[in-house]
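J.: Sharing a structure here in structure tokens format.
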Amino acid sequence: MAFSLPDLPYAHDALADLGMSAETLEFHHDIHHKAYVDNGNKLIAGTEWEGKSVEDIITGTYQSGAVAQSGIFNNASQHWNHVQFWEMMGPGTGGMPGELEKALTESFGSVDKFKEDFAAAGAGQFGSGWCWLVKDKDGSLRVTKTENGVNPLCFGQTALLGCDVWEHSYYIDFRNKRPAYLSNFLEKLVNWDNVAGRM
Ligand code: MN3
């Protein structure tokens with residue numbers, strides 16, 4: 001099926017007091033995400049991928065490894081990544097559900113240690129990419145980082161939380177300070193109910 005740009009799950013200015021401005025969301029959602037949707041649709045038209053789900057396109061083109069498929073992979077994966085990213089944030093989100101707190105404590109030793117590992121993965125991703133909390137195939141929780149549009153679907157993992165560390169995600173609000181953006185994301189922007197729902 002053709003990709004389509006979903007509306008943000010909140011107003012463009014809903015996160016402004018939490019460190020993500022309306023200007024960032026206008027560029028990031030309305031321009032960057034839309035470009036992945038539009039370019040992806042152009043590239044899949046007339047190919048074997050037309051009519052396939054975005055998840056099937058991502059895993060199929062990633063596993064094929066063919067250079068000719070890379071444009072399709074990049075745009076499909078970035079479309080999927082951003083859909084998840086918008087849903088993983090929210091205004092006025094409450095605390096962390098107990099089941100998630102328990103799972104993070106069991107896996108990382110403490111919630112603070114999980115946040116430390118997650119922020120370090122994001123800060124340590126050289127160039128553009130993402131950092132993730134994933135549920136691996138064996139059920140364990142892990143923090144990972146990926147380059148460009150690569151995401152947990154490529155490795156058979158479930159994405160519980162992802163943070164976009166491409167410069168377009170933070171340069172308007174945080175300039176070059178990626179660690180400050182990551183810290184703010186974890187403390188103010190994450191919708192922990194959404195994360196828990198993905199487990
Ligand atoms: Mn982005």
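The values are calculated or read from the model by the stated rules, or taken from the named source; none is laboratory data. These numbers come from a predicted model, not from an experiment. Positions of Cβ are generated from backbone atoms using ideal geometry, with glycine treated the same way; all protein chains shown enter the neighbour counts. With ligands, DNA and RNA removed, areas are computed over all heavy atoms of the protein, side chains included. Shrake-Rupley method; radii C 1.70, N 1.55, O 1.52, S 1.80 Å.
J.: Which of the following residues is small (Gly, Ala, Ser), assigned to a strand (DSSP E or B) and open to solvent by less than 50 Å² (accessible area, probe 1.4 Å): Ala159, Ala196?
T.: Step by step, each of Ala159, Ala196 is checked, and only Ala159 is small (Gly, Ala, Ser), assigned to a strand (DSSP E or B) and open to solvent by less than 50 Å² (accessible area, probe 1.4 Å).
J.: A follow-up question, please. Need pairs with beta-carbon distance below 8 Å; first residue among the hydroxyl-bearing types (Ser, Thr, Tyr) and within the stretch 22-35, second in a helix (DSSP H, G or I) and more than 11 Å from the ligand (Cβ to nearest atom); sequence gap 6+ or separate chains.
T.: Thr24/Ile172; Thr24/Asp173
J.: Being aromatic (Phe, Trp, Tyr), open to solvent by 30 Å² or more (accessible area, probe 1.4 Å), part of a helix (DSSP H, G or I) and in contact (Cβ under 8 Å) with a residue 40 or more places away in the chain, is that true of even one residue in the stretch 68-89? So that I can check it myself, show each step before the final result.
T.: Of the residues in the stretch 68-89, the ones aromatic (Phe, Trp, Tyr) are 73, 80, 85-86.
Keeping just the survivors that are open to solvent by 30 Å² or more (accessible area, probe 1.4 Å) gives none.
No; the residues of the stretch 68-89 include none that is aromatic (Phe, Trp, Tyr), open to solvent by 30 Å² or more (accessible area, probe 1.4 Å), part of a helix (DSSP H, G or I) and in contact (Cβ under 8 Å) with a residue 40 or more places away in the chain.
J.: For the stretch 171-193, enumerate the residues that are open to solvent by 70 Å² or more (accessible area, probe 1.4 Å) and part of a helix (DSSP H, G or I). Talk me through it step by step, then tell me what you get.
T.: Let us first name the residues in the stretch 171-193 that are open to solvent by 70 Å² or more (accessible area, probe 1.4 Å), namely 171, 175-177, 179, 187-188, 193.
Answer for the stretch 171-193, where residues must be open to solvent by 70 Å² or more (accessible area, probe 1.4 Å) and part of a helix (DSSP H, G or I): Tyr171, Pro179, Glu187, Lys188, Asp193.
J.: Residues to consider are Asp138, Asp112; find the one that is assigned by the TED database to the domain that holds Phe185 and either basic (Lys, Arg) or in a loop (DSSP other than H, G, I, E, B) (or both). Even if it seems obvious, please write down each step before you answer.
T.: Working: Asp112 fails: either basic (Lys, Arg) or in a loop (DSSP other than H, G, I, E, B) (or both).
After ruling out the rest, the residue left standing is Asp138.
J.: Output the residues belonging to the stretch 112-142 that are in contact with a helix residue (DSSP H, G or I) (Cβ under 9 Å, 6 or more places away or on another chain) and among the charged types (D, E, K, R).
T.: Lys113, Lys115, Glu116, Asp117, Lys135, Asp136, Lys137, Arg142, listed by residue number.
J.: Taking the condition open to solvent by less than 40 Å² (accessible area, probe 1.4 Å) and under 24 Å from Leu18 (Cα atoms), does Trp166 pass?
T.: When the stated conditions are applied, Trp166 does not pass them.
J.: Next up: Among the residues in the stretch 85-96, are any more than 27 Å from Pro6 (Cβ to Cβ) and not assigned by the TED database to the domain that holds Ile31? Explain how you work it out, then say what you get.
T.: Of the stretch 85-96, the ones more than 27 Å from Pro6 (Cβ to Cβ) are none.
Checked the stretch 85-96: no residue is more than 27 Å from Pro6 (Cβ to Cβ) and not assigned by the TED database to the domain that holds Ile31.
J.: Also, quick follow-up: Are any residues in the stretch 134-149 surrounded by fewer than 21 Cβ atoms within 10 Å (Cβ to Cβ), touching a Gly at 6+ places or on another chain (Cβ under 9 Å) and either of a type in the set (Asp, Glu) or touching a residue at least 40 places away in the same chain (Cβ under 8 Å) (or both), and if so, which ones?
T.: Across the stretch 134-149, the qualifying residues are Asp136, Glu147, Asn148.
J.: I would also like to ask the following. Checking the conditions here, which among Lys115, Lys34 is buried (at least 17 other Cβ atoms within 10 Å of the Cβ) and of a type in the set (Lys, Arg)?
T.: Values: Lys34 fails: buried (at least 17 other Cβ atoms within 10 Å of the Cβ).
Going through Lys115, Lys34 in turn, the sole match is Lys115.
J.: Which residue pairs have Cβ atoms closer than 7 Å, lie 6 or more positions apart in sequence or on different chains, and pair a first residue in the stretch 153-175 that is in contact (Cβ under 8 Å) with a residue 40 or more places away in the chain with a second residue that is in a strand (DSSP E or B) and within 12 Å of the ligand (Cβ to nearest atom)?
T.: Correct list of pairs: Gly162/Trp130; Cys163/Trp130; Asp164/Trp130; Val165/Gly129; Val165/Trp130.
J.: Could you please find all residues in the stretch 99-111 being in contact with a helix residue (DSSP H, G or I) (Cβ under 9 Å, 6 or more places away or on another chain) and open to solvent by 50 Å² or more (accessible area, probe 1.4 Å)?
T.: Of everything in the stretch 99-111, those that are in contact with a helix residue (DSSP H, G or I) (Cβ under 9 Å, 6 or more places away or on another chain) and open to solvent by 50 Å² or more (accessible area, probe 1.4 Å) turn out to be Glu99, Glu101, Thr105, Ser107.
J.: Take the conditions of a type in the set (Asp, Glu), closer than 20 Å to Asp173 by Cβ, within 15 Å of the ligand (Cβ to nearest atom) and not assigned by the TED database to the domain that holds Glu187 and apply them to Asp13. Does it pass?
T.: Working: of a type in the set (Asp, Glu): yes; closer than 20 Å to Asp173 by Cβ: yes; within 15 Å of the ligand (Cβ to nearest atom): no; not assigned by the TED database to the domain that holds Glu187: yes.
No, not satisfied.
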